[in-house]
1. Please determine whether any residue of segment 159-166 is surrounded by 16 or more Cβ atoms within 10 Å (Cβ to Cβ), assigned to a loop (DSSP other than H, G, I, E, B) and in contact with a strand residue (DSSP E or B) (Cβ under 6 Å, 6 or more places away or on another chain).
2. Please enumerate the residues belonging to segment 52-72 that are touching a Pro at 6+ places or on another chain (Cβ under 8 Å), modelled with pLDDT under 95 and under 17 Å from SER180 (Cα atoms).
3. Quick check on my filter: what residues within segment 171-197 are closer than 21 Å to ASP126 by Cβ and open to solvent by 70 Å² or more (accessible area, probe 1.4 Å)?
4. GLY140: farther than 25 Å from PHE25 by Cα, in contact with a strand residue (DSSP E or B) (Cβ under 8 Å, 6 or more places away or on another chain) and free of Cβ contacts under 8 Å to residues at least 60 places away in the same chain, yes or no?
5. Looking at this structure, is GLU85 more than 30 Å from GLU39 (Cβ to Cβ), free of Cβ contacts under 8 Å to residues at least 24 places away in the same chain and either out of contact with any His (no Cβ under 8 Å at 6 or more places or on another chain) or outside any helix (DSSP H, G or I) (or both)?
6. Determine which single condition GLU141 fails, assuming it passes every other condition in (1) open to solvent by 70 Å² or more (accessible area, probe 1.4 Å); (2) modelled with pLDDT under 95.
7. So which residues in segment 108-138 are among the acidic types (Asp, Glu), open to solvent by 70 Å² or more (accessible area, probe 1.4 Å) and at pLDDT 95 or above?
8. List the residue pairs whose Cβ atoms are under 8 Å apart, where the first residue sits in segment 100-114 and is without any contact (Cβ under 8 Å) to a residue 40 or more places away in the chain and aliphatic (A, V, I, L, M), the second is part of a helix (DSSP H, G or I) and open to solvent by less than 30 Å² (accessible area, probe 1.4 Å), and the two are 6 or more positions apart or on different chains.
Amino acid sequence: MTTLISVSGYAANPFLGTTDDKPVFATFRGTQWGDDIEEEEVPLTVRVVTTRVAKMDWGAIFKIEFTDVTSRARNPAGVRPKKREIRPDYFIVTDDRIVLLNEEDNDAAAKKISALAKPPEFEANDIYVITTGSFEHQEGEWKTIIQLKGDLCIYEASHPSGHFKKIVWKKSVGLVEYASGYGAHADGYRLKRVAKG
């Protein structure tokens, strides 16, 4: 079952916003694991680049890229496994929601959506941030819970097989934690934003 949710108006979303289209850079550190990595978990560092790619009267679209991925991972043969790749995410931002743009060609979809006079209808399983209350959604065996705790919005999606995704957003900061895993510790990573200073 698919639930569509519409939104209207745009003031600003406290969890993701910029005053211009200039990229914002942040360093994230954490760990990664996988069947092709010798150690149970190894350090992982990523540069996260957040860029507003479109601004509309009703909202904005942001691209979050994961670049400069560095790790000391080695497989059991002592060889470095293929460098971890984390695909960029595109998010549609309105005053009360942040929604994943989940299309085959997100660049083209962003251009199309940015030309709309009002926001499109959103599927419930693409909602990643709320600004009030709490949100739960189940699609098949995937369960998603979004909660507000102080100045944080915590998105957690999980599957009985061990697949998971956790994203934490902080008011006036943006993305502060990003984690994803597949299977029973078969592959994944956890990253947290490094404080400036």
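The values are calculated or read from the model by the stated rules, or taken from the named source; none is laboratory data. All figures in this text were calculated on a predicted structure; none of them were measured in a lab. Cβ: placed from backbone, ideal geometry, glycine included. Neighbour counts: every protein chain shown. We work out accessible area using only protein heavy atoms, side chains counted, and drop any ligands, DNA or RNA first. Shrake-Rupley method; radii C 1.70, N 1.55, O 1.52, S 1.80 Å.
1. Among the residues of segment 159-166, at least one is surrounded by 16 or more Cβ atoms within 10 Å (Cβ to Cβ), assigned to a loop (DSSP other than H, G, I, E, B) and in contact with a strand residue (DSSP E or B) (Cβ under 6 Å, 6 or more places away or on another chain), which makes the answer yes.
2. The one that is touching a Pro at 6+ places or on another chain (Cβ under 8 Å), modelled with pLDDT under 95 and under 17 Å from SER180 (Cα atoms): SER71.
3. TYR182
4. Numbers: farther than 25 Å from PHE25 by Cα: yes; in contact with a strand residue (DSSP E or B) (Cβ under 8 Å, 6 or more places away or on another chain): no; free of Cβ contacts under 8 Å to residues at least 60 places away in the same chain: yes.
For GLY140, the condition - farther than 25 Å from PHE25 by Cα, in contact with a strand residue (DSSP E or B) (Cβ under 8 Å, 6 or more places away or on another chain) and free of Cβ contacts under 8 Å to residues at least 60 places away in the same chain - is not met.
5. Working: more than 30 Å from GLU39 (Cβ to Cβ): no; free of Cβ contacts under 8 Å to residues at least 24 places away in the same chain: yes; either out of contact with any His (no Cβ under 8 Å at 6 or more places or on another chain) or outside any helix (DSSP H, G or I) (or both): yes.
Here the answer is no, as GLU85 does not meet what is asked.
6. The one condition GLU141 does not meet is (2).
7. Result: GLU136, single match.
8. Correct list of pairs: LEU100/ASP126.
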